[in-house]
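The block underneath contains the structure these notes are about, expressed in structure tokens.
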Amino acid sequence: MSAQWKIGQLKLSLALVVRMAFSSLKIRLSRTTLTVLTIATSTAFLIYVLTLEKSGDKAETENWYLMMGLCLLVAAAGVLNTMLMSVTQRYREIGTMKCLGALDSFVLYSVLFESALVGLAGSVLGVVAGLLVAIALGFAEFGGQVFARMSFDAITWKLLGTFLVGMLLTTLGAAVPAWIAARMPPMEAMRGEK
Amino acid sequence: METAAPRQHLLGDFSGNQDLTVMTRNVFKEYRMGEETIHALKDVSVTIATGEYVSIMGPSGSGKTTLFNVVGGLLKPTSGAVFIDEVDVAQLDANELAWLRCRKIGYIFQSYNIIKVMSALENVTLPMLFAGVPPDEALDRGVDILRRVGLGDRMLHTPKELSGGQQQRVAIARAFANRPAIILADEPTANLDLKTGEEIIHLMKEMNREQGVTVICSTHDHKMLDISDRIIWMEDGAVKRIARRDEVEIQIDVLQEH
């Protein structure tokens, strides 16, 4: 009696990771939209405060920073919560996939990529919205002068920074759920309950 | 390979010159639940030949599912060894275990476990994609297998649009997708009505014959006995009895005389 085969190794398919992340987002579209909006709101707020920073007095600016920090924290908690729900609701699904040959890294990257997409959409939306609001308010205050008073160099950096903060928040929020999902034993699929 | 195996477990064993697919040697599995230690498997040694259809019977909590998980590489035994062909499952790392689950073992579950958000065809192609089969080829093969299990006209349906019996057919197609060596079916008919359950049993038997795949199936369903090559009874974590089908029929006759 001899084995006609040798144990092999599985390769991680990034194409499949991308597909899985997109389909997961599509299926939970309403929740995805909500998370995107959470990220968008906080990044918009961040942009708004950053462009405002020089106009107010010092004490007020500090107040704004405190609020902004809290706002970002809430956004990160929102992502954590959403991804945790997304993962725990899929326990059996993930377990089944592992029985079918999904690698831990496949599950990890799928969840991380899923939230990275949410972060990307939210950050872009937030940066654009925040900038528009800041310009609109500036226009109300200074009229046509607003563009002359804006330093595009500084704004570019602020936009980029805000965008990165948005992405970072979502990745941080998703890290723990992704790790939990990846470590989930495939046996979970055998559980009787629905 | 040494042939000395524990005595009573060899009762009704396979003829001896067939290839082995699964062999467990003195497998123990213990769980700790607070202060208590639960002995889920006690000295289980079974040998199953290539192409055999083996049913495992026993009450809930008798260790059937634990044995499945151990054989399927989902659970490490506390002691003892599990061989799939000649490969010692305990020696495999995480990636190799995933490979084994993907390529050599097909799972069929009591509650189907069709991935809800995917169509029947996507469910069947998924294990092939995990195995690295090119997407086009996976699709072709997926279509073929779904036709084979009688779902040719329902390939793009999601589980919501399929009955329990149809979902279990998808699960069977999915389990066979990578042409595994072993099918592990955990009470595949428990959630189905009698007639549908019977259809599923026959489908599994046909696939077993056609593809020469070893099928290990845990069940409460006495209809399973008719199509099994051998039956393993488990009780309280231990193998109570192993018998070939013809031996069982004699037993049933004796019982009916009372």
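Readers should treat all values here as calculations from the given coordinates under stated rules, not as data from a laboratory. In this text the structure is predicted, and so the values were computed from the model without any measurement. So basically every Cβ, Gly included, is an ideal-geometry build from the backbone, and we count neighbours across all protein chains shown.
A few points about this structure:
- Considering only B:Leu146, B:Val70, A:Leu66, the residue lying farthest towards the positive end of the dipole of the protein assembly as shown is A:Leu66, judged by Cα position with unit charges set on Cβ.
- Average beta carbon contacts from partner chains per residue of B:84-92, 10 Å cutoff: 2
- Shielding by partners, peptide B:95-107 (average Cβ within 10 angstrom, other chains): 6
- Note that segment A:69-76 has calculated 3J(HN,Hα) couplings of x, 4, 4, 5, 4, 4, 5, 5 Hz, one per residue in order, obtained from phi through the Karplus relation 6.51 cos²θ - 1.76 cosθ + 1.60 (θ = phi - 60°); glycine and proline are x.
- Compared with the dominant principal axis of the Cα atoms in chain A, helix A:29-52 is inclined by about 30°.
- Distance in nm between pseudo-label sites at B:His222 and A:Ser23 (7 Å out along the Cβ direction from Cα): 4.2 nm
- For B:68-81, mean number of other protein chain Cβ atoms within 10 Å: 2
- Comparing B:Asp93, B:Asp144, B:Asp236 in a Gaussian network model of chain B where C-alpha atoms under 10 Å apart are linked, the largest mean-square fluctuation is found at B:Asp93.
- Amide H contacts of B:Gly106: B:Ile182, B:Ile183, B:Leu184, each under 5 Å away and 5 or more positions distant or on a separate chain (H built 1.01 Å from N in the peptide plane; Pro and chain starts excluded).
- Treating each Cα of chain A as an identical point scatterer and summing with the Debye formula, the log10 of I(q)/I(0) at q = 0.11 Å⁻¹ comes to -0.60.
- Chain B: most fluctuating residue of B:Asn191, B:Asn113, B:Asn95 per GNM, C-alpha cutoff 10 Å: B:Asn95
- A straight line joining the Cα centroids of segment A:83-111 and segment B:161-190 runs 20 Å.
- Working note: 222 nm ellipticity from helices only, DSSP H runs with n ≥ 4, each -39,500 (n - 2.57), summed and divided by the residues of chain B, gives -11000 deg cm²/dmol to the nearest 500.
- The Cα trace of the protein assembly as shown gives Rg and Dmax of 28.2, 105 Å, the first to one decimal, the second as a whole number.
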